[in-house]
Amino acid sequence: MGHTGGRVIEIRLDASRHMEVLIACPVGMVPRAGQYLLAVDRDDPETVLGIPLFIAGESVHGWWAAPPIPASWKPGTSLDLVGPLGKGFDLPREVQRLGLAALGDSVGRLMLVIRQTGLVQRAVTLFTDLPLPSLPAFVEAYPLATLPEALEWPDFMQIDLPLRRLAELRAILGIQGGKELAFPAQVLITTPMPCAGLARCGACAVPTQRGWKFACEDGPVFDLKALKW
Ligand code: FES
């Protein structure tokens, strides 16, 4: 984990019209998919809480941070950055058919997984009701309502899930209480993480089979079977 300065050098809108920002910072600070940096706007005296930033893509000039991004950020905004923090996605080599599900307000946090998957010739299917970004040709996309019938297909799954929707996950997957998925799955839990574990504020508490865990430290990517869902 490091602490450094960074700078917003470009902004763009994703397919859902949410802002993404290109951040220039030292290479060693760039998070892996599912990890995050905690960012504070150096010039905003109102800012006391850090913003967790997840990677949506890489660039020769820096890395794209996925939504949500504070509306006040613009090219030139100076940032204090801490990270990379937390456990990211970890995709076993042997996976052939990767299912992805975006249940939050952006597909962005899954986009680096998609781009990296294209390098190793896996089949990828994305389930979401969000507007679709430009996707590589090897990715198929379907609405969330088709997910229960498609669960025969993946041999691994990665899910982007706001914590507030954890209680809905069984219904979304079409799995009755007590039953498990037939394949392993990882879940990126998104929730406010204002202290990133530094102050143990508890704002990011996630119910797991071993009691409450902190998304900021123990996640934000969890094995699905470790969660209480
Ligand atoms: S954000 Fe404070 S304990 Fe996780």
The chain - mean residue ellipticity at 222 nm from DSSP helices (-39,500 (n - 2.57) per run, n ≥ 4, rounded to 500): -2000 deg cm²/dmol
Kirkwood Rh, Cα atoms: Rg over Rh of the chain: 0.96
Could you please rank Phe214, Phe138, placing first whichever residue has the fewest other Cβ atoms within 10 Å of its Cβ? Phe138, Phe214
Find me the longest stretch of the chain that has none of the exposed GluC sites (Glu not before Pro), where exposed means in a DSSP loop (not H, G, I, E or B) with at most 11 other Cβ atoms within 10 Å. 95-151
If every alpha-carbon in segment 110-150 counts as one equal scatterer, what log10 I(q)/I(0) does Debye give at q = 0.22, 0.23, 0.31 1/Å? -0.73, -0.79, -1.15
Count the net charge of all other residues whose Cβ sits under 12 Å from the Cβ of Cys216, scoring Lys and Arg as +1 and Asp and Glu as -1. +1
For segment 1-116, size of Cβ-based charge dipole, Lys and Arg +1, Asp and Glu -1, in debye: 380 debye
Ascending count of other beta-carbon atoms within 10 Å, so fewest first, for Ser106, Ser134: Ser134, Ser106
Please report, in debye to the nearest 20, how large the charge dipole of segment 123-218 is about its Cα centre when each Lys and Arg carries +1 at its beta carbon and each Asp and Glu carries -1 there. 500 debye
For segment 150-229, what is the convex hull volume of the alpha-carbon atoms per residue, in Å³? 83 Å³
Angle between the chain longest axis and helix 108-117 axis [Cα atoms, degrees, rounded to 10]: 70 degrees
When the charge dipole of the chain is computed with +1 at the Cβ of Lys and Arg and -1 at the Cβ of Asp and Glu, the Cα pointing farthest to the positive end, of Leu112, Pro148, Trp64, is that of Pro148
Can you tell me the Rg and Dmax of segment 104-173, counting just the alpha carbons, in angstroms? 12.2, 34
Antiparallel DSSP bridges in the chain: what percent, to the nearest 5? 60 percent
Binned at 10 Å from 0, what are the whole-percent values of the Cα-Cα distance distribution for segment 172-218, short to long? 23, 41, 26, 10
If you wrap a convex hull around the alpha carbons of segment 1-111, what volume per residue comes out, as a whole number of Å³? 116 Å³
Once the other residues with Cβ under 11 Å from the Cβ of Thr190 are scored (Lys, Arg +1; Asp, Glu -1), what is the net sum? +1
Within the chain, what is the number of lysine pairs with alpha carbons under 21 Å apart, leaving out pairs fewer than eight places apart on the same chain? 7
Return the Rg/Rh ratio of segment 12-52 with Cα-based radii and a Kirkwood Rh. 1.00
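Values quoted throughout were computed directly from the atomic coordinates according to the rules given, and no laboratory measurement underlies them. Not measured: the values here are computed from a predicted model. Please note: Cβ atoms are built from the backbone with ideal geometry, for glycine as well, and neighbour counts cover all protein chains shown.
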